[in-house]
Amino acid sequence: MIEKLAFELKDELISIRRKLHTIPETSFEEMKTAEFIRKKLDEYHIIYTTAANTGTVVTINGKNSNRTVLLRADIDGLPIKDESDFEPKSERDGYMHACGHDIHTACLLGAAKILNTIKDNINGNVKLVFQPAEEGDGGALPMINEGIMENPRVDGAFALHVEPLEPTGNIQIKDGPIMASPDDFEIIVHGIGGHGAYPEKCVNPLSVCAEILRKYHELPQKYNLPCVVTICSINGGSCRNAIPDTAVMTGTARSIDPKTRKKLIDLLRDTANDTAKRFGAELDFNFNILFPPVINDKKLNEIVTKSAKKLSCINNVTILDMPSMAGDDFAYFGEQVPASYFKLGVGNVDIGATYPIHSPKFKADENALPIGSAILAQVAVDFLDTLEGVSLP
């Protein structure tokens with residue numbers, strides 16, 4: 001029933017996705033996107049509330065008011081110029097949906113329509129969360145802080161994310177950590193500037209940055225840490241023959257568990273300070289703690305796998321060996337309740353849908369849209385049917 005309804009919506013889902021694709025908006029600025037989502041919900045005669053300004057929350061009430069499952073889609077785009085050959089293209093120069101959030105949103109709108117159609121047969125409530133700002137400071141936590149996990153209280157949460165390197169018809173899943181904490185840092189090195197001909201009279205902050213970079217890239221292997229440390233920018237100086245007083249380097253530090261995260265922060269700080277001291281420089285170390293890692297609940301993953309087997313449109317469930325070192329603030333939902341975050345294949349070599357997320361050439365196979373709606377609706381129904389077997393915090 002769910003799969004049939006999803007594929008009846010295919011043309012509508014493609015239309016929704018293409019409209020969203022043309023109007024990418026960045027974190028907490030998703031005004032047109034939110035307006036479009038809410039108009040669609042009005043069209044479906046589905047009542048909604050708002051949260052975190054551009055966020056939208058739907059509650060579909062089934063026949064058992066004591067059980068509630070949450071489905072999330074992120075709605076924001078990226079400040080990346082659209083260089084794909086997909087039509088229609090982004091109408092905003094320098095912005096695009098390079099991470100597939102337009103697809104996530106379309107899939108969740110389809111799931112909303114399906115679940116509303118069959119609500120009398122659903123063994124509980126379904127909250128559908130259209131969340132802003134996943135690519136920025138994060139919209140999940142502000143929405144949680146505004147109370148979206150209550151009234152009715154949520155018992156479990158699911159989200160999907162597109163994966164263009166996995167063929168359409170497949171999904172990917174992993175127990176435990178599946179996404180990393182995407183923290184970042186800034187280091188301001190204070191040296192002593194002067195003429196480039198007399199480096200012995202100066203303390204070159206660029207040399208300090210270069211040595212910190214070298215040491216940082218050794219840390220994961222040296223300490224056997226499941227993490228990634230990447231320097232993404234070094235800026236300092238303005239001419240060819242003058243050593244600057246200061247230089248600034250920035251980067252990202254990604255880990256998959258709280259213990260590694262804490263150790264990594266300490267190592268980054270101590271390594272930078274020790275290096276600066278050896279050169280006779282001083283520095284400011286600023287570490288920005290962002291989202292926690294996304295940790296999947298094994299029992300909810302089992303529900304996703306069983307739901308997928310009920311759908312003929314899903315060919316394979318791929319079990320991932322390693323977590324992605326990208327991050328997602330869906331992690332905050334997983335801190336509140338058991339959660340499962342899985343990946344929807346949207347890759348298709350025949351149409352050139354082979355570029356990774358965040359690429360300016362990102363492209364997705366739209367045949368995956370009804371599959372996404374179907375699996376979201378199916379896991380919601382199956383979770384509510386089997387809630388008694390789930391360990392709640």
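The values are calculated or read from the model by the stated rules, or taken from the named source; none is laboratory data. Keep in mind that this is a model prediction, so the values were computed, not measured. Cβ coordinates were reconstructed from backbone atoms using ideal geometry, including for glycine residues, and neighbour counts include every protein chain displayed. Side chains are part of the model used for accessible areas, which takes the heavy atoms of the whole protein and leaves out ligands, DNA and RNA. Shrake-Rupley method; radii C 1.70, N 1.55, O 1.52, S 1.80 Å.
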Handout entry: Rounded to 5, the percent of DSSP beta bridges in the chain classed as antiparallel
Key = 65
Exercise for the section: Identify, among L268, S233, I289, the residue whose Cα sits farthest towards the positive end of the charge dipole of the stretch 207-310, taking +1 on the Cβ of Lys and Arg and -1 on the Cβ of Asp and Glu, with the dipole about the Cα centre. Expected result: I289
Exercise for the section: For the stretch 328-393, count all C-alpha to C-alpha pairs, find those more than 15 Å apart, and express that count as a whole percent of the total. Expected result: 67
Handout entry: In Å², nearest 10: area of H358 left accessible to a 1.4 Å probe
Key = 80
Handout entry: Student exercise, the stretch 6-113 dipole from Lys, Arg, Asp, Glu Cβ charges, in Debye to nearest 20
Key = 580
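Rounding to the nearest 20 debye, state how big the charge dipole of the stretch 250-320 is about its Cα centre with +1 on each Lys and Arg Cβ and -1 on each Asp and Glu Cβ.
On the way: 13 positive and 8 negative charges, 100 e Å.
Its charge dipole is roughly 480 debye.
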Problem - Residue among P220, F185, C202 farthest towards the positive dipole end of the stretch 179-220, charges placed on Cβ - result: C202
Handout entry: Residue-level accessible surface for C232, protein heavy atoms, 1.4 Å, Å²
Key = 90
Handout entry: Helix 10-22 vs. the chain, principal-axis angle (Cα, 0 to 90°, nearest 10)
Key = 30
Exercise for the section: For the chain, give the magnitude of the charge dipole about the Cα centre (Cβ charges: +1 Lys/Arg, -1 Asp/Glu; no others), in debye to the nearest 20. Expected result: 580
Completion exercise
For the stretch 138-233, listing GluC sites (Glu not before Pro) in a DSSP loop whose Cβ sees at most 11 other Cβ atoms within 10 Å gives E150
Practice task
Could you work out how far helix 205-222 tilts from the main Cα principal axis of the chain, as a 0 to 90 degree angle to the nearest 10?
Solution key: 50
Handout entry: Cα-based helix-to-principal-axis angle, 258-279 vs the chain, degrees rounded to 10
Key = 20
Handout entry: Mean separation of Cα contacts under 8 Å, 6 or more apart, over the residue count of the stretch 253-370: relative contact order %
Key = 23
Fill in the blank from the handout: For the chain the mean separation of alpha carbon contacts under 8 Å (6+ apart) over residue count, i.e. relative contact order in percent, is 25
Fill in the blank from the handout: Output for the stretch 1-89 (equivalent-ellipsoid semi-axes, sqrt of 5λ from the C-alpha gyration tensor, Å, descending) is 26, 19, 11
Exercise for the section: May I have the count of lysine pairs in the stretch 241-393 with C-alpha atoms under 27 Å apart, counting pairs 8 or more residues apart or located on different chains? Expected result: 20
Completion exercise
So, relative contact order of the stretch 79-127 in percent, Cα under 8 Å, 6 or more apart, is 26
